[in-house]
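K.L.:
Submitted below is the structure of interest, expressed as structure tokens.
Just so it is clear, none of the values below were taken in a lab; they were calculated from the coordinates. The structure presented is a predicted model; accordingly, all values stated were derived computationally and were not measured. In this analysis, Cβ positions are derived from the backbone assuming ideal geometry, glycine residues included, and neighbour counts consider all displayed protein chains.
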Amino acid sequence: MTRILIDPVACDAYGYCAELLPEAITVDEWGYPIVDGEPLPAELVAAARRAARDCPRRAISVQERRAGA
Amino acid sequence: MPNATDTMPAARTYGLLGYPADFATHVGQVGPLPLPARADRDWGGALLAALEASGLTGRGGAGFPAAIKAAVARGKGRGGTIVVNAMEGEPASDKDALLMIRAPHLVLDGAQLLAAVSGARSVVVCVPEGRDHVADAAARAVAERTAARWAPVVETVVRPPDRFVAGEESALVGWIEGGQSLPAFRPDKSVPLRIGRKGALVHNAETLAHVAVIARSGPEAFRSRGLPEDPGTSLVTVSGAVSQPGVVEVDRGTPLIDIVSRATPLGSPRALLVGGYGGAWVAPEHFSTPYASLSLRAIGATAGVGVVVVLGQEACGISETARLAHYLAGQSAGQCGPCVYGLPAIADDLARLAAGRVDPGLPARLDRRLSEVGGRGACRHPDGAVNVVRSALRVFVADVHVHSRGTPCACWDRPTQLRFPAPTVQVAS
Amino acid sequence: MSSTSLWYATRATGLVSLILFTATMVLGITTTTRSRSRNWPGFAQQELHRRVSMMAVVFLALHVLTSVLDTYVHIGWAAVVVPFASSYGRFWVGVGAIALDLMIAVLVTSLLRSRMRPGTWRAVHWLAYLSWPVALAHTFGMGTDAGEHWVVALGVACVAAVLTALVWRLSVASRQRAARLAHASVGVVPPTHLVLTAPNRRSHRA
């Protein structure tokens, strides 16, 4: 099960993650990302990893968790 | 100086209040620190088992089982630190100050016991800057214990900044480590806190006092009060529209209205604020709710920090909540966007509501902000603000309707019934 | 390769890398937070900044290589990174070496970005603001083509581009800050006993 995790302390509202992954990340009125916490569908994982790599503050990461953990 | 409206309990009844403050009497009455000649793993395991059997949960707001927290710290090896959290950032709370002044040896005994269990080498007592009477009492107690060689592990008193979030445990540990007083992002709370390379176990002062009494009287004494599912006692500060504000020690499960009656309310309360400024408002139909985690959760509240504020009939819940929201917004650590921008925006909306200056988009906007801001900070500070505002909109729904139609709050110009620390900055209008 | 060809190659690759580094600077300076444009997403600008910088590094490498291989004048390998160690054009080649050293630091930290603290990476990355003007000074200090009108015009254009980007960035930043403070301030005049504190500025962990 793959999830997106955002470090709110590091995040500076660049917004690249929401641009790269609009299906899973929206942005609030101040530019900060909102993630619903649901598991990520398989077809979005590649885009999520790209978002994690491209974040200027390294605030977003992709977490793998084995089912049942 | 906080009051305690409790009298000396009967000799065999479990309680925190009624213990002596000065060292000589403390030693004479409760006996030596119940440590064996050499604190070994069997002894440590037995104490942890006693804590687990007692069902003691943290009294600092999170309500986490004390035995589990101590066991995790024990697993992290020797040489760590026990942090006594007497920061008491809640403006309406006095219980930790009371304990440090009237029963500091209970608190410090509890810290020493957990130090022996986890192999810690240092006990650090945290009292905020500016609360010198509390810090002096703590320092005096530490000096007495050191002189009498009652402290196996060295005890020190430190003075972190007096901010609401400075008592959050990761912020506290971060400050001790020499950095700043900023909560850390901890997605996995089971990873223990560290000071340097050694572990740090943070406990609220009241929790440690309970540990000291349970270690001497046994878990059954703790369970003799309270409920099976939420045992023991809690210290609760009652304030607001009452004639005898102060700290009371109550059994867990005591109905809220009974707790309040011990402070003699001035007339019948309009509402109660339970759990602190980030807690929740409780309406009159729920005044008989037991003061226990599960019962409170069922009505949208939590025990939180032991605080009950009584709102009088002549006050308006919306105005008071607007003030709460402004206070909480100003106390943000400033690290996370949703909190830094979201809380002032919510406070602004509430102020407009109280002033009757409601634009058509306000209800939907406020609702959206409340659902978006919660859960997106590194710590629980924004969540508390969202909770208290949500509960206000629920409990004071009649006032919300009145204000939404453009009528300003009649109580807007009256002094607040809530306590706030002295303002640091006034926003230019 | 003849010495003359090497010499032309050195000059050409030098000028091209200056242009590319200038473009890199402009792309980096004009990066803003809260990118909202549908037509030009922020991640695309960041990607372009990276790719242009890589091309600039390639041309810089060629510039260095051709200058050392050219035996007409002696610039040893050591002088490439050790300032003022060259016998030919000691001072201005040395200035070039300084610019190169700074650029290597930026490059290496960017390649290893995931392995260091964000604060460290940022501090080193800011050395770009030092490296670029030093590179510009090396270009004109060497003097080889500095007399040509079109080269001077090129230099002026590069400086103008970076200065314009800086001015734009500073004005956007102050507008954004004002907008955020407006978001975060109270819109209703409160009574004096209402306790208010100004919203905290974003704090950053070291």
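K.L.:
To the nearest 500 deg cm²/dmol, what mean residue ellipticity at 222 nm is calculated for chain C from DSSP H runs of n ≥ 4 alone, each contributing -39,500 (n - 2.57), summed and divided by the residues? Before the final figure, lay out each step's value.
P.N.:
On the way: 7 runs with 140 residues, N = 206.
Estimated from H runs of four or more residues: -23500 deg cm²/dmol.
K.L.:
Quick check on chain B: helices-only [θ] at 222 nm, where DSSP H runs of length 4 and up contribute -39,500 (n - 2.57) each and the sum goes over total residues. Nearest 500, please.
P.N.:
Working: 16 runs with 176 residues, N = 429.
That calculation yields -12500 deg cm²/dmol at 222 nm.
K.L.:
May I pose another question? Would you mind ranking B:316, B:339, A:11 by Cβ crowding within 10 Å, fewest neighbours first?
P.N.:
On the way: B:316 20, B:339 29, A:11 26.
Arranged by neighbour count, lowest to highest, B:316, B:339, A:11 become B:316, A:11, B:339.
K.L.:
For every other residue with a beta carbon closer than 14 angstrom to the beta carbon of residue B:327, add +1 if it is Lys or Arg and -1 if Asp or Glu, then tell me the sum.
P.N.:
Numbers: positive: B:163, B:323, B:419; negative: B:90, B:162, B:320, B:348.
That works out to -1.
K.L.:
Now a separate question. Starting from the amide H of residue B:226, placed 1.01 Å from N in the peptide plane, find each other amide H under 5 Å away whose residue is 5 or more places distant or on another chain.
P.N.:
Result for residue B:226 returns B:232, B:252.
K.L.:
Mind checking C:118-128 for the average number of partner chain beta-carbons within 10 Å of each residue's beta-carbon? Please list the in-between numbers first.
P.N.:
Working: counts 5, 0, 0, 1, 2, 0, 0, 0, 0, 0, 0.
Averaged over the peptide's residues, the number is 1.
K.L.:
Hey, can you grab everything whose amide H is under 5 Å from the amide H of residue B:375? Only 5+ residues off in sequence or another chain; H modelled, so Pro and N-termini drop out.
P.N.:
B:383
K.L.:
What FRET efficiency, computed as 1/(1 + (r/R0)^6) with R0 = 56 Å and r the Cβ-Cβ distance, is obtained for residue C:130 and residue B:404, rounded to the nearest 0.05? Could the numbers behind the result be given before it?
P.N.:
Details: r = 58 Å, r/R0 = 1.04.
Calculated value: 0.45.
K.L.:
With each label point set 7 Å from Cα along the Cα-Cβ vector, what nm distance links residue C:73 and residue B:156?
P.N.:
6.1 nm
K.L.:
Kindly write out, for region B:18-29 in residue order, the coupling ³J(HN,Hα) from the Karplus curve 6.51 cos²θ - 1.76 cosθ + 1.60 (θ = phi - 60°), rounded to whole Hz, with x marking Gly and Pro.
P.N.:
x, 6, x, 8, 7, 5, 4, 5, 4, 4, x, 8
K.L.:
Using Cβ counts within 10 Å as a stand-in for footprinting exposure, how do C:84, B:222 rank, fewest first? All intermediate terms of the calculation are to be shown ahead of the outcome.
P.N.:
On the way: C:84 13, B:222 23.
The fewest-first ordering by Cβ neighbours comes to C:84, B:222.
K.L.:
Shifting gears a bit: Search the structure for amide H atoms under 5 Å from the amide H of residue B:307, placed 1.01 Å from N in the peptide plane, and list their residues when 5 or more places away or on another chain.
P.N.:
So residue B:307 has HN proximity to B:237, B:275, B:276.
K.L.:
Report the residues of region B:341-382 in range of a label on residue B:414: point 7 Å along Cα→C-beta, backbone N strictly under 20 Å from it.
P.N.:
B:351-357
K.L.:
Mind checking Rg over Rh on region A:2-64, alpha carbons, Kirkwood formula for Rh? Before the final figure, lay out each step's value.
P.N.:
Values: Rg = 10.3 Å, Rh = 11.3 Å.
Result: Rg/Rh = 0.91.
K.L.:
Ok, one more. Averaging the inverse of every distinct alpha carbon separation and then flipping it gives the Kirkwood radius. What is it for the protein assembly as shown, in angstrom units? Kindly include the intermediate steps, with their values, before the conclusion.
P.N.:
On the way: mean 1/r = 0.0344 Å⁻¹.
Answer for the protein assembly as shown: a Kirkwood hydrodynamic radius of 29.1 Å.
K.L.:
Per-residue counts of other Cβ atoms within 10 Å, averaged by peptide: what ranking do you get for B:104-110, B:306-312, C:75-81, highest first? Kindly include the intermediate steps, with their values, before the conclusion.
P.N.:
Numbers: B:104-110: 27.6, B:306-312: 25.3, C:75-81: 15.7.
Sorting B:104-110, B:306-312, C:75-81 by mean packing, highest first, produces B:104-110, B:306-312, C:75-81.
K.L.:
Right, something else. Determine one quarter of the surface area of the Cα convex hull of region B:23-223, which equals its mean projected area, and express it in nm² to one decimal. Before the final figure, lay out each step's value.
P.N.:
Details: hull surface 42.1 nm².
Over every viewing direction, the Cα hull of region B:23-223 projects on average to 10.5 nm².
K.L.:
Would you list which aspartates and glutamates come within 18 Å of residue B:76, measuring only between C-alpha atoms, while excluding same-chain residues fewer than 8 positions from it?
P.N.:
Here the aspartates and glutamates satisfying the reach criterion relative to residue B:76 are B:40, B:42, B:169, B:177, B:188.
K.L.:
Could you estimate the translational diffusion coefficient of region B:317-404 from the Stokes-Einstein equation, with Rh from the Kirkwood formula over C-alpha pairs, at 10 °C and 1.306 mPa s, in whole µm²/s?
P.N.:
Translational D for this selection: 126 µm²/s.
K.L.:
Using the count of nearby Cβ atoms within 10 Å as a rough guide to exposure, how do B:407, B:237 rank from fewest to most? Walk me through the intermediate numbers first.
P.N.:
Details: B:407 13, B:237 27.
The fewest-first ordering by Cβ neighbours comes to B:407, B:237.
K.L.:
Another question about this same structure. Add +1 for every Lys or Arg and -1 for every Asp or Glu among the other residues with Cβ under 9 Å from the Cβ of residue B:202, and state the total. Walk me through the intermediate numbers first.
P.N.:
Values: positive: B:69; negative: B:169.
Once positives and negatives cancel, what remains is 0.
K.L.:
A further question on this structure: When the Karplus curve 6.51 cos²θ - 1.76 cosθ + 1.60 is applied with θ = phi - 60°, which whole-Hz ³J(HN,Hα) does each residue of region B:403-411 get, with x for Gly and Pro?
P.N.:
So the J values, rounded to whole Hz, are 5, 5, 8, x, 7, x, 5, 5, 9.
K.L.:
Rounding to the nearest 20 debye, state how big the charge dipole of chain A is about its Cα centre with +1 on each Lys and Arg Cβ and -1 on each Asp and Glu Cβ.
P.N.:
Details: 8 positive and 11 negative charges, 90 e Å.
Here the size comes out at about 440 debye.
K.L.:
What number, in nm² with one decimal, is the all-direction average of the projected area of the convex hull of the alpha-carbon atoms of region B:224-294?
P.N.:
Details: hull surface 18.4 nm².
With the hull built on Cα positions only, its mean projection is 4.6 nm².
K.L.:
Kindly state, to the nearest 0.05, the FRET efficiency for residue C:91 paired with residue B:64, given R0 = 56 Å and r defined as their beta-carbon distance.
P.N.:
Working: r = 67 Å, r/R0 = 1.19.
Approximately 0.25, to the nearest 0.05.
K.L.:
Just the Cα atoms of chain B, one point each, no solvent: what log10 I(q)/I(0) does Debye give at q = 0.09, 0.14 Å⁻¹?
P.N.:
Once normalised to I(0) and log-transformed, intensities are -0.55, -1.29.
K.L.:
Using a 10 Å cut-off around each Cβ of peptide A:23-33, what is the average number of partner chain Cβ atoms that fall inside? Walk me through the numbers before you get to the answer.
P.N.:
Numbers: counts 0, 0, 0, 1, 2, 9, 8, 13, 8, 11, 3.
Across the residues of A:23-33, the mean count of other-chain Cβ atoms within 10 Å is 5.
K.L.:
I've got another one for you. Relative to the first principal axis of the alpha-carbon coordinates of chain A, what is the inclination of helix A:45-54, with its axis defined by its Cα atoms, in degrees from 0 to 90 and to the nearest 10?
P.N.:
Once rounded, one gets 40 degrees.
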